[in-house]
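Structure, as structure tokens:
The values are calculated or read from the model by the stated rules, or taken from the named source; none is laboratory data. Just so it is clear, the structure is predicted and the values come from calculations on it, not from any experiment. In this analysis, Cβ positions are derived from the backbone assuming ideal geometry, glycine residues included, and neighbour counts consider all displayed protein chains.
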Amino acid sequence: MAVTSADLTYPPGGTGEIRPDWFSGEDLADLLAVWIAAGEALVPSGGTPEQSDRLVTAYAYWKAYDAKAALMAGAVNSLSIDGGDLAISYAKDQRDFFIGKASFWRLAYEAALAEEESGVVIDNPPRSSYSQPIAFSF
């Protein structure tokens, strides 16, 4: 089975984790297709289809979360003016979540790559092994 954009997209359109609203103004399917193709180009020959899919999935998730963290790095969370002073704040907690997820999927990609290159099965951590509390304020 080859990895598709729907495999990585959060429901209702797919079965994955990446939410279309994280990349507003962009075509998520196009972005995912680029990351999937890049992951496929890095797949060494000789592995099983399941190993290749795991490698491509981890690579695409890594790049998606990394891209979202980069987008958030420059996104202003709030502006306030107090006595002529401008205060700008950024959503560090939220950005940290995406940085953490990018790191998790990079490690999963590296483990899948090592497994495919060596032929030795490496236990990847389960998807739910990374969690980061997110605080929202309105």
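For segment 94-108, state whether one or more residues are within 22 Å of residue 2 (Cβ to Cβ), outside any strand (DSSP E or B) and hydroxyl-bearing (Ser, Thr, Tyr).
The answer is no; no qualifying residue exists.
In segment 99-116, which residue that is of a type in the set (Gly, Ala, Ser) and more than 23 Å from residue 45 (Cβ to Cβ) is surrounded by the most Cβ atoms within 10 Å (Cβ to Cβ)?
102
When segment 2-37 is examined, which residues are found to be in contact (Cβ under 8 Å) with a residue 24 or more places away in the chain, within 18 Å of residue 71 (Cβ to Cβ) and not in a loop (DSSP other than H, G, I, E, B)?
8, 18, 22, 23, 29, 31, 32, 35
Is there any pair linking a residue in segment 80-103 that is more than 20 Å from residue 61 (Cα to Cα) and among the small types (Gly, Ala, Ser) to one that is surrounded by 10 or more Cβ atoms within 10 Å (Cβ to Cβ) and modelled with pLDDT of 80 or more, with Cβ under 9 Å and at least six apart or on different chains, and which?
Qualifying pairs under 9 Å: 91/72.
Could you grab me the full set of residues in segment 63-81 that are assigned to a helix (DSSP H, G or I) and farther than 15 Å from residue 7 by Cβ?
Matches in segment 63-81: 65, 66, 67, 68, 69, 70, 71, 72, 73.
Residue under question is residue 42, and the condition is that it be within 14 Å of the chain's Cα centre (by Cα) and touching a residue at least 60 places away in the same chain (Cβ under 8 Å); does it hold?
no
With the structure loaded, tell me whether residue 9 is crowded, with 17+ Cβ neighbours inside 10 Å and either under 26 Å from residue 95 (Cβ atoms) or touching a helix residue (DSSP H, G or I) at 6+ places or on another chain (Cβ under 8 Å) (or both) or whether it fails that test. It would help to see each step written out before you state the result.
Details: crowded, with 17+ Cβ neighbours inside 10 Å: yes; either under 26 Å from residue 95 (Cβ atoms) or touching a helix residue (DSSP H, G or I) at 6+ places or on another chain (Cβ under 8 Å) (or both): yes.
The answer is yes for residue 9.
Considering only segment 70-98, how many residues are at pLDDT 75 or above, among the small types (Gly, Ala, Ser) and surrounded by 11 or more Cβ atoms within 10 Å (Cβ to Cβ)?
2
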